[in-house]
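Asker: One structure, pasted below without further comment.
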Number of protein chains: 2
Amino acid sequence: MDYRELSTPALAIDLDVLERNLDRMAAYCREHGLRLRPHTKTHKTLEVSRMQLARGAVGLTVAKAGEAEVMAGAGPDEILVAYPLFGNDKLRRVAALARERRVFVSLDNELTAENLSRAATEAGVVFGVLVEFNSGLGRCGLEPGPACCALARRIMKLQGLAFRGLMTYPGNIWGTAEERKREAGHVAERIERAMEEFRRDGIAVEIVSGGSTPSAFLSHEIAGLTEIRPGTYVYNDANTLDQGACELADCAARVVATIVSTAVPGRAIIDAGSKTLSSDARRASRGIGYGYIVEAPDAPIVKLNEEHGYVDATRSSHQFRVGEVVTVIPNHVCTCVNMHDEVFVHRRGKVEGSWQVAARGKIR
Amino acid sequence: MDYRELSTPALAIDLDVLERNLDRMAAYCREHGLRLRPHTKTHKTLEVSRMQLARGAVGLTVAKAGEAEVMAGAGPDEILVAYPLFGNDKLRRVAALARERRVFVSLDNELTAENLSRAATEAGVVFGVLVEFNSGLGRCGLEPGPACCALARRIMKLQGLAFRGLMTYPGNIWGTAEERKREAGHVAERIERAMEEFRRDGIAVEIVSGGSTPSAFLSHEIAGLTEIRPGTYVYNDANTLDQGACELADCAARVVATIVSTAVPGRAIIDAGSKTLSSDARRASRGIGYGYIVEAPDAPIVKLNEEHGYVDATRSSHQFRVGEVVTVIPNHVCTCVNMHDEVFVHRRGKVEGSWQVAARGKIR
């Protein structure tokens, strides 16, 4: 069956493109001596995790205890929970996983470290801990400088914790190639500022973890990084495309949708709305709307309701008709994947099967 | 256990508020002789469907075949699929349901009617059909006038279909009380225009189905409506609140979240991001951001990543601290509920159990 014949809406993955994306990132990291610890939040499947590990990933990254539990099934030697876990239930679950493999947790405050230490001690395990610092995004993380060293010293004193290094999420490396290069320079400066303080204090920093998809292939220019955690690169999406951080041919994931109404003049309605694509906006400047229609790139999806995508057909040469199938590259593939219980995989259009999105909806 | 002690993030429903909302809408419809066919897309649970039917709802509304299959479990006499179904798989599944209960489908074009007729004939069932017309939103639906009558006449000739009336989604009734009242007038005019044509043609129109939550309590002023299909009223949300279409005390659903980081000055990070709240924007003018923090309404959630809500604490008197629990009224409760496998129900704070969000993710 061709993937365009699937019951719609459906999320379809091109295996050739996926494998090429995985190979390219693995080769880049090998070439530059960077360790790859991919974030599994994008694909949320055991199948892709195994493909990443088979290509040399040192471990897997997750954000939630529930994601860690699922991804343990892919057999990684190491799991990094790149999220400041709070809550005894979650800490206990992650501690249970640390009995069988190395588990790292990132954090940016003493209270979280103390709770983590208690959970480790109760379970008789040791967590590797990365201190999160803010390299410019302003989300989580301490200011590079003395505060990071003070937290590291506190961690070194707590039972069940081993300070292993630093982590940052450089989500501020975003935009055109030029904007990304400039911001990568700022991130490098902030890493250097953090490291300087650690050198002065004589604290060994084994890991400096960074990396995102828009910044991934700039990582060798960011001095100090020892590893990266990109996620989106496996499938890519319209936001990555808009930034010029991938080509159309690198977009492995498409939502297959059907035109269900053309009753309103100038408009076509697809059966993929926010419950299928997610309502994440197109962030980069090149495009507007809620996804890139491959068959009619000049027809933007201007609005979403849960089950309706509003296509503006007024400036498109494409003549939409009821029953027609189109394929849409989502704006943000991570949130799109999270909407789906399964993804369908194909090679050159032929459906080979489906994969369960096993870590979908693991919010705790 | 108090619901603020749940492992976070979690979606919690106040049963007293839910029951009051259900009672109020049921009483309003009884008082005005309107039939209530609530849209189940908001709650997606069998439990609330049963509560709606027990309070006199004539049936249930859904958008997808998968939702219809789930909601059949609540035992309604009638299911309306208020969506122009396309695809043989979906038509067959809905036809199977029509063996045991009355099933209505709305549509706005001949091809969809023909496909539906074929599925009905193959299954040996009859679908009630509502012709969808556009009352101003410009999503689906024919222009009120001759086109609606022509489609109705075509439906009357097709085997397995019974023309039953008209349907519209008045999503354009939105905004302040004044704006909503004005737009309700426009909708009433467009209903009258549609009906006029049917009267002229001598075609009986048994059902005129409209209604949404922001327009619900204006329905008695919209001449011609025989029934309404509100969904959001069961829980309400920040968008409903912003419009003045409910009070804070009518908001039954809150996301319980924990502050996980305050490392960046002026900022607090909650463990509820777009994977928990959905990234649907605040539409009405009164507020900005991605949800209403009940404990600190002056601290907007200015940005979401999947697992992070960025709270701007710079203009708030509230002092956020790591580990603190807050409760958030989501912008759009329907898309928020769809993110959750279960909701926790409580009375006056005490958790009584959880309900499976059985129709979550039913995109087909």
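The values are calculated or read from the model by the stated rules, or taken from the named source; none is laboratory data. On a predicted model such as this, the values are computed, not experimentally measured, just so you know. Cβ coordinates were reconstructed from backbone atoms using ideal geometry, including for glycine residues, and neighbour counts include every protein chain displayed. The area values use the complete protein model at the heavy-atom level, side chains included, leaving out ligands, DNA and RNA. Shrake-Rupley method; radii C 1.70, N 1.55, O 1.52, S 1.80 Å.
Asker: Count, please, the residues in the stretch B:259-286 that happen to be farther than 15 Å from B:D312 by Cα and open to solvent by 10 Å² or more (accessible area, probe 1.4 Å).
Answerer: Of the residues in that region, 8 qualify.
Asker: Mind counting the residues in the stretch B:344-364 that are in contact with a Pro (Cβ under 7 Å, 6 or more places away or on another chain) and either in a strand (DSSP E or B) or acidic (D, E) (or both)?
Answerer: So the answer is 0.
Asker: Answer with yes or no whether A:G289 is closer than 30 Å to B:V81 by Cα and buried (at least 24 other Cβ atoms within 10 Å of the Cβ).
Answerer: no
Asker: Name the single residue, out of those in the stretch B:110-137 being touching a Ser or Thr at 6+ places or on another chain (Cβ under 7 Å) and hydrophobic (A, V, I, L, M, F, W, C), that is farthest from the other protein chains (Cβ to nearest Cβ).
Answerer: Among residues in the stretch B:110-137 that are touching a Ser or Thr at 6+ places or on another chain (Cβ under 7 Å) and hydrophobic (A, V, I, L, M, F, W, C), the one farthest from the other protein chains (Cβ to nearest Cβ) is B:L130.
Asker: With the structure loaded, tell me whether B:K44 is touching a Leu at 6+ places or on another chain (Cβ under 9 Å), modelled with pLDDT of 95 or more and either charged (D, E, K, R) or open to solvent by less than 10 Å² (accessible area, probe 1.4 Å) (or both) or whether it fails that test.
Answerer: It is false that B:K44 is touching a Leu at 6+ places or on another chain (Cβ under 9 Å), modelled with pLDDT of 95 or more and either charged (D, E, K, R) or open to solvent by less than 10 Å² (accessible area, probe 1.4 Å) (or both).
Asker: So which residues in the stretch A:110-127 are surrounded by fewer than 20 Cβ atoms within 10 Å (Cβ to Cβ) and either part of a strand (DSSP E or B) or not polar (S, T, N, Q) (or both), if there are any at all?
Answerer: If the condition is that a residue be surrounded by fewer than 20 Cβ atoms within 10 Å (Cβ to Cβ) and either part of a strand (DSSP E or B) or not polar (S, T, N, Q) (or both), then A:E110, A:L111, A:E114, A:R118, A:E122, A:A123, A:G124, A:V125, A:V126 are the ones that fit.
Asker: Now for a different question. Under 8 Å between Cβ atoms, which residue pairs at least 6 apart in sequence (or on different chains) link something in the stretch B:112-126 that is modelled with pLDDT of 95 or more with a partner that is among the basic types (K, R) and open to solvent by 10 Å² or more (accessible area, probe 1.4 Å)?
Answerer: B:A113/B:R154; B:A119/B:R92; B:E122/B:R92; B:A123/B:R92; B:A123/B:R99; B:G124/B:R99; B:V125/B:R99
Asker: How many of the residues making up the stretch B:138-171 are within 18 Å of the chain's Cα centre (by Cα) and either hydroxyl-bearing (S, T, Y) or away from chain A (no Cβ under 12 Å) (or both)?
Answerer: Number satisfying all stated conditions: 4.
Asker: Shifting gears a bit: So if I check each of A:A194, A:A184, A:A152, which one is open to solvent by less than 70 Å² (accessible area, probe 1.4 Å), assigned to a helix (DSSP H, G or I), closer than 20 Å to A:A120 by Cβ and modelled with pLDDT of 95 or more?
Answerer: Result: A:A152 is the single residue among A:A194, A:A184, A:A152 that is open to solvent by less than 70 Å² (accessible area, probe 1.4 Å), assigned to a helix (DSSP H, G or I), closer than 20 Å to A:A120 by Cβ and modelled with pLDDT of 95 or more.
Asker: Pull out all pairs, ordered by first then second residue, where Cβ-Cβ is under 7 Å, the residues are six or more apart or on different chains, the first lies in the stretch B:50-74 and is surrounded by 20 or more Cβ atoms within 10 Å (Cβ to Cβ), and the second is part of a loop (DSSP other than H, G, I, E, B) and of a type in the set (A, V, I, L, M, F, W, C).
Answerer: B:T61/B:A82; B:A63/B:A82; B:K64/B:I363; B:A65/B:L85; B:E67/B:A359; B:V70/B:A358; B:V70/B:A359; B:M71/B:A359
Asker: When the stretch B:155-170 is examined, which residues are found to be in a loop (DSSP other than H, G, I, E, B) and crowded, with 18+ Cβ neighbours inside 10 Å?
Answerer: Listed by number, the residues that qualify are B:L158, B:G160, B:T168, B:Y169, B:P170.
Asker: OK, next. Failed condition for B:I301, given (1) out of contact with any Asp or Glu (no Cβ under 9 Å at 6 or more places or on another chain); (2) closer than 28 Å to A:L107 by Cβ, with all others met?
Answerer: It is condition (1) that B:I301 fails.
Asker: Evaluate the stretch B:238-250: report whether one residue or more is more than 13 Å from chain A (Cβ to nearest Cβ), within 25 Å of A:K362 (Cα to Cα) and either open to solvent by less than 10 Å² (accessible area, probe 1.4 Å) or part of a loop (DSSP other than H, G, I, E, B) (or both).
Answerer: yes
Asker: Can you tell me which residue is nearest to A:G266 (Cα to Cα) among those in the stretch B:135-178 that are touching a residue at least 60 places away in the same chain (Cβ under 8 Å) and of a type outside the set (A, V, I, L, M)?
Answerer: B:S135
Asker: Scan the strands (runs of 3 or more DSSP E) fully inside the stretch B:1-109 and keep the ones with 1 or more residues being within 14 Å of chain A (Cβ to nearest Cβ) and more than 18 Å from the chain's Cα centre (by Cα).
Answerer: Ranges flagged: B:10-14, B:102-107.
Asker: Whether any residue in the stretch A:208-218 is open to solvent by 30 Å² or more (accessible area, probe 1.4 Å), under 29 Å from A:A238 (Cα atoms) and not hydrophobic (A, V, I, L, M, F, W, C) is what I want to check.
Answerer: No - not one qualifying residue is present in the stretch A:208-218.
Asker: Here's a follow-up. Which residue pairs have Cβ atoms closer than 9 Å, lie 6 or more positions apart in sequence or on different chains, and pair a first residue in the stretch B:325-336 that is open to solvent by 10 Å² or more (accessible area, probe 1.4 Å) with a second residue that is part of a strand (DSSP E or B)?
Answerer: The qualifying pairs are B:V325/B:V256; B:V325/B:A257; B:V325/B:T258; B:V325/B:I259.
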